[in-house]
Structure formats: structure tokens, C-alpha cells
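Chemist: Input: one structure, supplied below.
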Amino acid sequence: MLLRSARSGLCYLSLGLMLLVLAGCAGRRVEQPAPVPVAAATWRQLDNELLVASRSATDQAEVYARGSMEHWRERIYQQTDENFIPWFSGYWTQEWLSLKVGWYALNNGGDDTQASRHLAGYLQQQYQQRVLAPVALEIDADGITGEAMEFYVQLLRQQVALSSARYRLPAPQLDQHLAQVLAIDLGPGAEQRASLQQLLQVEPVARLPAYAPLLQRIHAEPAAAAAQGVAQVAQVTSDKLQAQFASRGVAGAVAAAVGRVAGALLSVGVAGVRALVQSNDRETLQAQTRRDLGTAFDQAWRKQLDDPEHGVMAGVYYLARQIEAQLQEPLPLVEQGGGTGWDP
């Protein structure tokens, strides 16, 4: 009996000691080791790799933008040949344009310049409806700017992931390092700025508050690839129609017809332009229209492709300039998790 009591006492004593030990362990704070600061040489190597990656990404984005613009141009040409030129060179279209030119000239005191301007506005509206709008449903020239930027950022994001894995960079330190690089800097407001860390983190980049102001700056001078060509066609057309009026003395007839029924005006228009729209002249008119549109369009298209400030690559060029300029300069000294992240 005494032996059993002694054994029970020892068990309770052991259990009590174990509870005391466990309580002491639970109350003691476990010290986490301080993050090991990344060496300055490692950060410099990362910056060099990002610098090379940015230049490579810019080249690849150029290839993408050029290919997209080539496709857009082909579709514009195709739609122009199929929908605009047949309509423009049609007999009744030319009759209607003749009437409009005569009416414009009358309302502007015979000012040929004003008549051409009015005609250009009308033809541009028709070109928008018959060519640009349908093509935009497939591929939008303005949208290529944003797509090229997204492609550029994706390539940078891939390089950061590779470098981070290679050097085993702690995520907080890496984020802090990338946050020092201003990828977008359009003003003092937070909505006008974005760091490289934000640029790489936000998907798609269009969600960044600073993205819209950047696009607005790029599109401050909208490309006029189609407008210039249509304006040229309008000028040539107006000159021809004005010559028809002058040679046939139709201008006086139209003036006399003011206030009469629309049918009388239409008959005047038909009489003034009939020589221009004979079937044997239609092929010449189509070839001239195609040539005028093509020449002006190609010049404006080339500017839209190559203009570093307002072309389709302007967004990529801006980001690359911003990022590369800072990666080539020593970044400031910043503490990383209690230690020095890199040297100035």
C-alpha cells in the first residue's frame, strides 16, 4: 500500500515538472533570425540583368508592334479597295458630291478652299464608317500602343522571376529595391507615378492609375494616317468638280436654282459632273483615288510607327528610358530588414 502511494506521488511529481517546463517554453519568446542583407554586388548584378532585359524587351516589342501595324495597314488597304473606292467612284456618289461642292461654293461666296474643306469633312466621315470602324473591330491602331507596353512588361516580369530565383532574393527586399525605380513619373501626384515594383506587380498594366495619364500624353497628337489621305482625295475631287462647274457654266445655273425644288438642283448636279463619271473615266478615277490615299496613308503610317513620342511604340520607349536611366545609376542606400541592402 505504501509502495503504491509512493509510486503515485512520483508520477504526480513528474507530471508537475513537465508542465512547468512546458509553461516555461511557452512563455519564452522564440527569436527569429534577422534577414540576411543581400550583398551590394548582387543588387548591381540584378540591375545589369534588368538593363539588358529592358533593351531586349524593347526590341521584341518593336517586332510585335511592326507586325501588328503591317496587319492593320493590309486590312485598311483591303477595306478601302472593297468598300470605299467603289462607293466613291460610283456614278450617283459623284453626282451627289458634285451637288455638295456646288452648294458649299454658293454658301461660301464661291470660296473653293471652304468647299474643299467641307467636302473633306464629309469624305472623312464616310471613310470612318466604311473603312476605319470595321477594321477597328479586328485590330485597333491605338490599341497596339497598350499591347506593346503589356508585352514589354511581361518580358521584364519574366526576367525578374529568373533573377530572383537565381540569387534567392527575399521578396520584401526585392520589392523594396524595385520600388526605388520610378517607371512612370508624369507629376507629383500619386496617380501620375508608378514604381517598377508596381509596374511588374499589377496585371494588366492598364490597371495602374498612372497608365491613363501616360496614354493621354502619348495620344496628345493623334495620328492622322487616314485623315491626310482622305483630305488629299477631297482636294483633288473638289478641284475637278469645280473645274466641271466652271467649264460648263453650271455655277450660275446652280445660283439661279437656289430656292427651287431638290429635283431641279439634282438635275443641275448631274449636268455639271456627267463628263467626270462616264464609265471610261471610272478606272482612272479609281486609280487616282487609290494612289492619293496610298501615298498619304503610307507617310502617316510610317510616322505613327516611328514617332518616339506619339507613335505606337511611344509607351514602350517611355518606360524603357525611365527604367534604364535609373538602373545605370547607383540606387540610394536603403535598410533591408535590419541590415544594409546595398551600397550607394
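The values are calculated or read from the model by the stated rules, or taken from the named source; none is laboratory data. Everything numeric here is computed off the predicted structure, so don't read it as measured data. Because the Cβ atoms are built from the backbone with ideal geometry, glycine has one as well, and the counts that use them run over all protein chains shown.
Chemist: Does Gln124 qualify as being touching a residue at least 40 places away in the same chain (Cβ under 8 Å), in a helix (DSSP H, G or I) and either surrounded by fewer than 16 Cβ atoms within 10 Å (Cβ to Cβ) or of a type outside the set (Lys, Arg) (or both)?
Modeler: yes
Chemist: For Gly187, indicate whether it is within 30 Å of Gln79 (Cα to Cα) and surrounded by fewer than 18 Cβ atoms within 10 Å (Cβ to Cβ).
Modeler: The answer is no for Gly187.
Listed here are the residues, each with its yes/no results for (1) in a helix (DSSP H, G or I); (2) aromatic (Phe, Trp, Tyr); (3) surrounded by fewer than 18 Cβ atoms within 10 Å (Cβ to Cβ).
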position	(1), (2), (3)
Ser54	yes, no, no
Trp87	yes, yes, yes
Glu95	yes, no, no
Ala120	yes, no, no
Ala133	yes, no, yes
Thr145	yes, no, no
Gln159	yes, no, no
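Conditions tested, residue by residue: (1) farther than 13 Å from Leu123 by Cα; (2) surrounded by fewer than 14 Cβ atoms within 10 Å (Cβ to Cβ); (3) among the charged types (D, E, K, R).
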position: Arg66; (1), (2), (3): yes, no, yes
position: Glu70; (1), (2), (3): yes, yes, yes
position: Tyr77; (1), (2), (3): yes, no, no
position: Asp81; (1), (2), (3): yes, no, yes
position: Phe84; (1), (2), (3): no, no, no
position: Trp92; (1), (2), (3): yes, yes, no
position: Val101; (1), (2), (3): no, no, no
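Chemist: While we're here: Of all the residues that make up region 161-177, how many are hydrophobic (A, V, I, L, M, F, W, C) and surrounded by fewer than 15 Cβ atoms within 10 Å (Cβ to Cβ)?
Modeler: Qualifying residue count, region 161-177: 4.
Chemist: Could I ask something else about it? Select from region 178-191 the residues that are at pLDDT 95 or above and assigned to a helix (DSSP H, G or I) and list them in ascending order.
Modeler: Leu178
Chemist: Part of a helix (DSSP H, G or I), at pLDDT 85 or above and over 30 Å from Asn48 (Cα atoms), is that true of Phe151?
Modeler: Spelling it out, it is not the case that Phe151 is part of a helix (DSSP H, G or I), at pLDDT 85 or above and over 30 Å from Asn48 (Cα atoms).
Chemist: Those residues that are touching a Leu at 6+ places or on another chain (Cβ under 6 Å) and small (Gly, Ala, Ser), I need them from region 172-194; list them, please.
Modeler: Ala183, Ala194
Chemist: Val230 fails exactly one of the following numbered conditions: (1) modelled with pLDDT of 95 or more; (2) in contact with a Phe, Trp or Tyr (Cβ under 6 Å, 6 or more places away or on another chain). What is the number of that condition?
Modeler: Unmet for Val230, out of (1) modelled with pLDDT of 95 or more; (2) in contact with a Phe, Trp or Tyr (Cβ under 6 Å, 6 or more places away or on another chain): (1).
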